[in-house]
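See structure below.
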Amino acid sequence: MFLPTMTDSNYFSVFSLPRKLALDTAALEKTYYAQSRKLHPDRFAAKPVAEQEAALAEASRLNDAYRTLKDPIARTEYLLTLEGVQLDEQSKQATDAAKTAGVAKKQIAPPELLEEVFELNMQLEEMRMNRKLGEDDPQLVKELQAAKANFEGMLAVIQTELEALWAKWDAGVDVDDAGAKDSAKKEMVALLNRRSYVRNLVRDVNEVLDA
Amino acid sequence: MAERIVGIDLGTTNSLIGFMQGTEPVIIPGEDGVNLVPSVVAVTPNGIAVGNAARATLLASPADAVYSAKRLMGRDLTDVQDELKFFPFRLAEDLKPGEVLRLKLGGREFTPPEISALVLQQLKKNAERFFGGPVNKAVVTVPAYFNDAQRQATKDAGRIAGLEIVRLVNEPTAAALAYGLDKKRDGLIAVYDFGGGTFDISILKLHEGIFEVISTNGDTHLGGDDIDNLFITIALEDIAGDLKVDLRGNGEVLQALRKSVIEAKIALSSKEIATLDVTLPDGRKYLREITRAQFEQLVAPVIARTAAPCRQALKDAQLTPEQIDEVVLVGGSTRIPAVRALVDEVFALGARGRKPHTELNPDEVVTLGAAVQADILAGGSVATEELLLLDITPLSLGIEALGGVVAKIIPRNSTIPASATEHFTTGVDGQTNVAIHVVQGERELASDCRSLARFDLKNIPPMTAGIPRIEVKFLIDANGILHVSAREQRSGQEAEIDVKPTYGLTDEQVETMILASFDYAEQDLANRQVIEARNEAETIIAAVEKGTGHPAWQQLTPEEFDQIANARQHLDVVKKGTDYKAIRDAIDALDRATRRFAELMMDSAVTSAIKGQTMEAAGASMGVAPTAPHAFAPAEFEKEEKK
């Protein structure tokens, strides 16, 4: 039976997995269910308080690990954090900078998207105006829907690119190639930033369309 | 043998209690043989009444009864403004925002957890009568969409009632468990739970006995009550127009109208037409026919409000309606045909040739599931050994960050128990306190979320700003309730944490309420004794009065007449007071004074039909036949009283 120790454990070790990113989620689920049967607090309801508390800590750790690892993005972000990348810090720096400047926090648009984002922002503004005035512009709605489809397509491409980087990372782990690992790490950070930017665009379009 | 654990559905409108009998969950009926215990509490001259007994008070004297108190659990004054428009809750006048609500009832004040505790106590009593032994542990269900404060309030109610709540289970999850018990089928199911006061939708994945909740959504203030309120509002307008009388402030008429509206609503689930029939204070009658079509048009907006949470739950689970294998209907409101039509549409059931599950009584299914979970917690049985519930937290947990924005630390739909660890530091040199504000909800700004707790990390060793590293662990347990612990890592010092709930009762308050409920119990007993003694006094005086017409009366001596007259007059005086012992003594005195008279009566009746009867049997005919052996035997009166 596995027993994660609280001091030296990360979410990968909770499942006795190496720190690799390509993951068989069906196998992960199977292990998760089996471990839940052993560790869930329901199994300890009639046990002494000390055992109940230990089970609670282990079960929550198991759930936290499963929640993080089953999701491809959360898994990647978690691994990068484990590897010393301070994803939070980047966002914190942006927040601090925005606060100092007294403006709303903005993500820097990836250069290759500048043109599209510029046009999208114009359309979004127009659409918000229309809503306010109660006007209807079916052509604009159509354009926004097209833009949304375009960005959603980008997200799908990003997913494929991310999986390629997983393979690059995992291969680096297998042969213990620090250089390959490092470059995969940097590329993943850049890709995740790009992804989060595109995802926010989709969210903005949805907000305007659903309004 | 493991300790007995019961399952309880503490509902807005009705509550039930059940247990696992062998391989099957069953409901324990109340003394009146009815399974449903209305969640109504009344203060009557005879003490506190709960359930059907309290319902009579609700109609006769609405100010002395309260119902739907679940709507107030874990909420404060600002939360409940909408409820107050429709529910006759009489809140204490001195309430402040953020304070636990207090309701005025029969000259006392009760918090919502105390009202719920009285309902729990009644259910506990019913179970103890059924088992002939104590019941101290229970699994209690709550709406899946209940927040931390509402869950905590429910746990407090258990403590006040002297019932240890070993687990809070989400209502739709419990329902799934009740259905899953004999099905043992794998797949994706949706539980649509539309009850008296709350609406929940949960999507579960069933796999070899594991019930994994994937997503949940809902509205803790949307239920059959809202349909009734809408109906009542329309009827009041109708009455104002037709009969030119405004009855909005009249509690008794409102209760009668509510009763009539509910009856019509229920009738319209099976009939095409129903009639509202209410007698107004001036004796006029309000009669109004409603067709099902009219009713459906009226309530469509309420029913439609359940669609968006369903779609959100599907979206969160990353599923399309067509991927849902089965839909389970729970809660009395799912009997309404228009509700079933909406479910059919949202989950494309008819289009796929499917029907929702309604085999189990929608009023009882949650209790049955709670009983199954109780069995699992008690150590399991053949029927439940393979079963395991993996439930989730319905709302995201977050911390208020700079600028009032929320930093989410545990996202909604996370399997519980779940935890998150956050690090905090100081912003000023030498700072020894850090304030943390924990919120629950999906909005970006903390002010738009539900505030759970504000606490201070105290006694941080003074250091340069930014150097202390305080690790705070947030843990949501299997009941969906938050626990917080903290440690300063640089100095290795455990920081003392003062977790002050933003809403809810403190431990001390709960302790006091436990004692208070004992006091009430004693006071209630004392009241009841006085009332019983008074009734007994009335009966004995009436019997003496009747006895004066008996031939044996003439055989008494003048002294005996005096003694009887004095004792009778004395009883007449003390029975008006509240001193139980004085009344009791006076009854005994009159009883002694009339003893010879009773013997004389018995002698004169020695050949009558009572010959050979036991004292008890003769006593039963007391008051009817003056020939009873000793018409004033107190024991017999008590028997009469208890009928």
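A few points about this structure:
- Residue list for segment B:388-411, filter: in a loop (DSSP other than H, G, I, E, B) and more than 9 Å from every other protein chain (Cβ to nearest Cβ): B:391, B:394, B:395, B:396
- For segment B:42-82, a residue qualifies if it is of a type in the set (Asp, Glu) and within 17 Å of the chain's Cα centre (by Cα), and exactly one does: B:64.
- Some residue of segment A:178-188 being in contact with a Leu (Cβ under 6 Å, 6 or more places away or on another chain), among the acidic types (Asp, Glu) and in a helix (DSSP H, G or I): yes
- Boolean, residue B:31 is surrounded by fewer than 20 Cβ atoms within 10 Å (Cβ to Cβ) and away from chain A (no Cβ under 14 Å): yes
- Failed criterion for residue B:9 (all others in (1) part of a strand (DSSP E or B); (2) within 16 Å of the chain's Cα centre (by Cα); (3) over 23 Å from residue B:510 (Cβ atoms) hold): (3)
- Condition met for residue A:65 (in a helix (DSSP H, G or I) and either more than 9 Å from chain B (Cβ to nearest Cβ) or surrounded by fewer than 17 Cβ atoms within 10 Å (Cβ to Cβ) (or both)): yes
- Options B:37, B:66: the member that is more than 14 Å from every other protein chain (Cβ to nearest Cβ), over 29 Å from residue B:179 (Cα atoms) and β-branched (Val, Ile, Thr): B:66
- For segment B:54-76, the criterion of being of a type in the set (Phe, Trp, Tyr) and modelled with pLDDT under 85 is satisfied by no residue at all.
- Filtered by the rule that a residue be more than 9 Å from chain B (Cβ to nearest Cβ) and part of a helix (DSSP H, G or I), segment A:34-50 gives A:34, A:35, A:38, A:39, A:44, A:49, A:50.
- Segment B:547-589: number of residues that are farther than 14 Å from residue B:532 by Cα, of a type in the set (Phe, Trp, Tyr) and in contact (Cβ under 8 Å) with a residue 12 or more places away in the chain: 1
Residue by residue, here is whether (1) closer than 25 Å to residue B:329 by Cα; (2) within 14 Å of another protein chain (Cβ to nearest Cβ) holds:
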| position | (1), (2) |
| --- | --- |
| B:110 | no, no |
| B:117 | no, no |
| B:147 | yes, no |
| B:151 | yes, no |
| B:168 | yes, yes |
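- Test: residue in segment B:73-84 that is in a strand (DSSP E or B), out of contact with any Cys (no Cβ under 6 Å at 6 or more places or on another chain) and surrounded by 22 or more Cβ atoms within 10 Å (Cβ to Cβ): no
- Checklist (1) under 21 Å from residue A:188 (Cα atoms); (2) out of contact with any strand residue (DSSP E or B) (no Cβ under 6 Å at 6 or more places or on another chain); (3) within 13 Å of another protein chain (Cβ to nearest Cβ); (4) modelled with pLDDT of 75 or more applied to residue A:89, failing item: (4)
- For segment B:389-410, residues that are in contact (Cβ under 8 Å) with a residue 60 or more places away in the chain and crowded, with 20+ Cβ neighbours inside 10 Å total 9.
- Selection from segment B:136-161 of residues that are hydrophobic (A, V, I, L, M, F, W, C) and under 16 Å from residue B:16 (Cα atoms): B:138, B:139, B:140, B:142, B:157, B:161
- Restricting segment B:576-601 to residues that are assigned to a helix (DSSP H, G or I) and small (Gly, Ala, Ser), the residue that is farthest from residue B:542 (Cα to Cα) is B:582.
- Being more than 14 Å from chain A (Cβ to nearest Cβ), over 18 Å from residue B:217 (Cα atoms) and either of a type in the set (A, V, I, L, M, F, W, C) or in contact (Cβ under 8 Å) with a residue 60 or more places away in the chain (or both) is a condition met by at least one residue of segment B:378-385.
- Scanning segment B:170-211 for residues that are closer than 21 Å to residue B:148 by Cα, of a type in the set (Ser, Thr, Tyr) and away from chain A (no Cβ under 14 Å) yields a total of 2.
- Number of residues in segment B:412-454 that are within 14 Å of another protein chain (Cβ to nearest Cβ), small (Gly, Ala, Ser) and either more than 22 Å from residue A:68 (Cα to Cα) or not in a strand (DSSP E or B) (or both) equals 1.
The values are calculated or read from the model by the stated rules, or taken from the named source; none is laboratory data. Because the structure is a prediction, the values reported are computed rather than measured. Every residue, glycine as well, gets a Cβ built from its backbone with ideal geometry; the counts of neighbours run over all protein chains shown.
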